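The values are calculated or read from the model by the stated rules, or taken from the named source; none is laboratory data. Because the structure is a prediction, the values reported are computed rather than measured. Note: ideal-geometry Cβ built from the backbone for every residue, glycine included; neighbour counts use all protein chains shown. Accessible surface areas use protein heavy atoms only, side chains included; no ligands, DNA or RNA. Shrake-Rupley method; radii C 1.70, N 1.55, O 1.52, S 1.80 Å.
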Amino acid sequence: MALNYIWIAFFIIAFIIALIRLIFFGDTEIFMHLVSGMFDSSKSSVMDIALPLAGNMALWLGIMNIGEKAGAINFLSRIVGPFFNRLFPEVPKDHPATGQILMSFSANLLGLDNAATPLGLKAIGSLQELNPDKETASNAQIMYLVLLTSGLQILPVTIIAQRAILHATDPTDIFIPCIIATYVSAVCGMLFVAVKQKINLFDRVIISWLGGITAFITLLVWYFTVCLTKEQIGLVSKVASNLMLFSIPVIFIVGAIYKKVNVFETFIEGAKKGFETSVKIIPYLVAMLVGISVFRACGALGYINDGLRWVVMQFHLDTRFVDAMPVAYMKPLSGSGSKAMMINIMTTYKPDSFAGRLGCIFNGSADTTFYIVALYFGSVGIKKSRYAIPAGLFADFAGIIAAIFVAYLFFG
């Protein structure tokens, strides 16, 4: 599995760089930073991620169980079935996994991280039931995860909120650039996997749905920019996302009442699986976050940035985008790490600077590929990820390139 070699590389590279800093530069505290980073990240992966996730998992798996018993998941499956049947040909028509995938995508679109992860783990579990080789990722699982790692999002609420906290003149000015960058990432990731899996992209249904989604995003962008003020954009984003989030359990409960389902018992039945799943993913979280921690603490990202700046200067190109690149480096590795980098760059260069804005666009252009692959595949026991990581990184790279071009287009 690719994660095996990547995880080994994190430690070997960190050790070599730390040794060089100790011997040649007299940095006597570098190994202390590495060790303390290991302990801190192992603790936070359990206390700050796994345990809080257990509560969210119990809540949303319970709600999903109500939705399944109420028939809501099957209803969604019938609506998106024609499109998903082309993208996920291995998934039978009207299978619950189709509705679950749509639910997790919807949560991601609205920037609802707390709901998206439990829904996504439920969806990957359903796809695992259809997987003939339980230790190897199926085509459907790879397509799903790559679309997930592209981080398609139309309401970057958390990024806008963070910009407001840091007193940006216009916290919402990265709204459209984020949508464009993340959409490019999602489409490129889908195309990569579709070509690999020999999916007919010229199918009338696929073209119609992609055209419809593109038109919807275009109209949404037009509405937000033409019909709303800057203040209204932030308000509508916040209200719409939370309204949608709370509407889901209410709709499921009403449907369950109509079907004469014992709502409370059904919720408890689904919620019991939440804690089990959270405990199961703890080793994967600890492994990945500790590896990322030592790689970051050794200073490798800074050296990569210095090398990139030197290359850009040789071609006599503008180097302002390089200041924001640490966010792009961290995004495939760690969501919290990339957020910390984004805040650091806005604090250092100011939120309204080119680097400050580009850092926000980077953070909204894709999701955490390595973290998602480790978390989701680990939750169902997948050991061979096949080409999921290269495909996810391709989507990330497309999002990064799009983010740079869009930043120069909007903020020059």
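Quick rundown of the values:
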read-out	value
Count - residues of segment 234-270 that are in contact (Cβ under 8 Å) with a residue 60 or more places away in the chain, of a type outside the set (Val, Ile, Thr) and over 30 Å from Pro332 (Cα atoms)	9
Filtered residues of segment 154-193 (kept if part of a loop (DSSP other than H, G, I, E, B) and open to solvent by less than 40 Å² (accessible area, probe 1.4 Å))	Ile154, Leu155, Pro156, Ala168, Asp170
Enumeration of residues in segment 367-394 that are open to solvent by 10 Å² or more (accessible area, probe 1.4 Å), in a loop (DSSP other than H, G, I, E, B) and not hydroxyl-bearing (Ser, Thr, Tyr)	Asp367, Gly381, Lys383, Arg386
Residues satisfying the stated conditions in segment 271-289, i.e. exposed (fewer than 15 other Cβ atoms within 10 Å of the Cβ) and in contact (Cβ under 8 Å) with a residue 24 or more places away in the chain	Lys272, Val279, Pro283
Test set (1) farther than 21 Å from Ile257 by Cα; (2) open to solvent by 20 Å² or more (accessible area, probe 1.4 Å); (3) in contact (Cβ under 8 Å) with a residue 40 or more places away in the chain; (4) hydrophobic (A, V, I, L, M, F, W, C) - Val35 fails condition number	(3)
Qualifying residue in segment 197-204 (condition: closer than 21 Å to Ala366 by Cβ, of a type in the set (Val, Ile, Thr) and touching a residue at least 24 places away in the same chain (Cβ under 8 Å))	no
Segment 184-220, residues that are within 23 Å of Gly81 (Cβ to Cβ) and of a type in the set (Phe, Trp, Tyr)	Phe202, Trp209, Phe216
Which numbered condition Leu317 fails, given (1) open to solvent by 50 Å² or more (accessible area, probe 1.4 Å); (2) free of Cβ contacts under 8 Å to residues at least 60 places away in the same chain; (3) part of a helix (DSSP H, G or I)	(3)
Residue match in segment 108-125 (condition: open to solvent by less than 10 Å² (accessible area, probe 1.4 Å) and under 16 Å from Lys384 (Cα atoms))	yes
Answer from Asp367, Asp352, Asp318 - the residue that is acidic (Asp, Glu), closer than 24 Å to Ala107 by Cβ and either modelled with pLDDT under 90 or out of contact with any Gly (no Cβ under 9 Å at 6 or more places or on another chain) (or both)	Asp367
Test for Pro332: is it closer than 26 Å to Leu375 by Cα, open to solvent by less than 30 Å² (accessible area, probe 1.4 Å) and assigned to a loop (DSSP other than H, G, I, E, B)	yes
From Leu220, Leu147, Leu210, residue being open to solvent by 40 Å² or more (accessible area, probe 1.4 Å) and either in a helix (DSSP H, G or I) or free of Cβ contacts under 8 Å to residues at least 60 places away in the same chain (or both)	Leu210
Every residue from segment 70-107 that is more than 24 Å from the chain's Cα centre (by Cα), basic (Lys, Arg) and either in a helix (DSSP H, G or I) or surrounded by 18 or more Cβ atoms within 10 Å (Cβ to Cβ) (or both)	Arg78
